1. Can you find, within segment 119-158, the residue that is nearest to R296 (Cα to Cα) among those that are surrounded by fewer than 17 Cβ atoms within 10 Å (Cβ to Cβ) and of a type in the set (G, A, S)?
2. Return yes when Y213 is of a type in the set (F, W, Y), in the same structural domain as Y145 (by TED's automatic domain parsing) and over 19 Å from L312 (Cβ atoms) and no when it is not.
3. Show the residue pairs meeting these rules: Cβ distance below 6 Å; 6+ apart or different chains; first residue within segment 143-168 and assigned by TED's automatic domain parsing to the domain that holds R320 and within 20 Å of D97 (Cβ to Cβ); second residue near ligand 2 (Cβ under 9 Å from one of its atoms) and polar (S, T, N, Q).
4. Hey, does segment 247-268 have a residue that's among the charged types (D, E, K, R), touching a helix residue (DSSP H, G or I) at 6+ places or on another chain (Cβ under 7 Å), in contact (Cβ under 8 Å) with a residue 12 or more places away in the chain and within 16 Å of ligand 1 (Cβ to nearest atom)?
5. Return the residues of segment 1-36 that are assigned to a loop (DSSP other than H, G, I, E, B), under 22 Å from K113 (Cβ atoms) and within 16 Å of ligand 2 (Cβ to nearest atom); say none if nothing qualifies.
6. Given the criterion under 15 Å from V140 (Cβ atoms), touching a Ser or Thr at 6+ places or on another chain (Cβ under 6 Å) and surrounded by 13 or more Cβ atoms within 10 Å (Cβ to Cβ), identify the matching residue among V229, V182, V258.
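The values are calculated or read from the model by the stated rules, or taken from the named source; none is laboratory data. Since the structure is predicted, the reported quantities are computational estimates derived from the model, not experimental observations. As a convention, Cβ positions derive from the backbone with ideal geometry for all residues, glycine included, and neighbour counts pool all protein chains shown.
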Amino acid sequence: MQVGLMGTGYAAKLRAEALQADPRATLVAIAGQDPERTQEFSQRYGAIACESWQALLAIAEIDLVIVSTVNQLHGAIVRAALETGKHVVVEYPLCLDAIEGETLLQLAKTQNKLLHVEHIELLGGVHQAFKAALPQVGAVFAARYVTLKPEHPAPERWSYHGEQFGFPLMGALSRLHRLVDVFGSVATVTCTAQYGITQADQQTTTPHLPAGYYHTCLCTAQLRFKSGVLAEVTYGKGAALWQATRLLTVQGAAGALVFDGDQGSFITPADSQPVPVGGRRGLFVKDTTMVLDHLRSGAPLYLTPEASLYTLQIAAAAHRSAEQDGTPIAIA
Ligand code: NAP
Ligand code: BLA
């Protein structure tokens, strides 16, 4: 596989290393935003530095494009790459518009090209342990997943920008996708959001996704699954938060599963048993290897683009609910 890589950041670096280590792939070219960074990054991997993602797509021998840029660009790059007849891997989210997402899946089908949306959270230790231990809790009553990331000060980066990151639960689609992967179809979604903005020397909060940078976001969604499970997802990051939290709990008829960071336990009235959790390292390598296996021999991938699109639709419904002050949105 002759591979082109979009982006020079954290995910792109791990992709480049994974490709370099795999004899089935050659990293041909890299497109970044900052020319100097792109030049320096490309030299490290012996790849051509492109001045734009469009220039990279013009390289005919590239068969596979990996999109590891900021979220806002995903949709346009994926579309153009598929139209040029290339296989596409894109880091989640596929794009920031659920309708556009549908057309991209359709385009991949008509072009007969791979479209794979990376969801490394599914490959991680917590998710694997969560799925394996779930039968122990019996009939699931409720679930809760809270991730809070304090950052002081919050960086003025794309991940704190309304348009570049997208609606928080869309940019951080993995938070919803973990639960959808396990509990299936959603009946209704309710969501509220709050953003902190600094204007000159004054701080304000708003329920609406700001056009530019914010210093804090906090988003809480309730998902009523068709199975009856009630799940609550809270995602927050930034300067107005002070306690880092990564907590997944599932309450069932026979007990509760609790994952606090990477510490898992199964709790009953009698006692608390540890649940072993594997690591969070090497997930981009796993994803890259599975893509190359799939393209080479048709080995199945760990999720379908339809599954990712479904969660994107749930995130879009959460956004709509937040815009309507928490009005429940029914999922068709
Ligand atoms: P990052 O380190 O900030 O990298 C973002 C990259 O996008 C930068 O190299 C940036 O270039 C580049 N970029 C911006 N505009 C561009 C353009 N016009 N053309 C080409 N490249 C452009 O962020 P990241 O953490 O790697 O995230 C990248 C993607 O991976 C996001 O969609 C994220 O949701 C997804 N993801 C990341 C992780 C993770 O662990 N980090 C996990 C799952 C999914 P400049 O630096 O020159 O501006
Ligand atoms: C996900 N990490 C993400 C995403 C971004 C970052 C933008 C996608 C959006 C989201 O789901 O929040 C960015 N993560 C960062 C940055 C740091 C960070 C800038 O930790 C700075 C330290 N990602 C890393 C590092 C790890 C990491 C150092 O950059 C350490 C193991 C893991 N990030 C990681 C994982 C996900 C993720 C496993 C998938 C999200 C999930 O598990 O739900």
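1. Result: A132.
2. Judged against the criteria, Y213 is a match.
3. F165/N71; F165/S159; G166/N71
4. Yes, some residue in segment 247-268 is among the charged types (D, E, K, R), touching a helix residue (DSSP H, G or I) at 6+ places or on another chain (Cβ under 7 Å), in contact (Cβ under 8 Å) with a residue 12 or more places away in the chain and within 16 Å of ligand 1 (Cβ to nearest atom).
5. Answer for segment 1-36, where residues must be assigned to a loop (DSSP other than H, G, I, E, B), under 22 Å from K113 (Cβ atoms) and within 16 Å of ligand 2 (Cβ to nearest atom): just G7.
6. V258 is the lone residue from the list that is under 15 Å from V140 (Cβ atoms), touching a Ser or Thr at 6+ places or on another chain (Cβ under 6 Å) and surrounded by 13 or more Cβ atoms within 10 Å (Cβ to Cβ).
Yes/no per residue for (1) surrounded by fewer than 17 Cβ atoms within 10 Å (Cβ to Cβ); (2) part of a helix (DSSP H, G or I); (3) in contact (Cβ under 8 Å) with a residue 40 or more places away in the chain:
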{"position": "T38", "(1), (2), (3)": "no, yes, no"}
{"position": "G46", "(1), (2), (3)": "yes, no, no"}
{"position": "E61", "(1), (2), (3)": "yes, no, yes"}
{"position": "V65", "(1), (2), (3)": "no, no, yes"}
{"position": "A76", "(1), (2), (3)": "yes, yes, no"}
{"position": "A108", "(1), (2), (3)": "no, yes, yes"}
{"position": "V117", "(1), (2), (3)": "no, no, yes"}
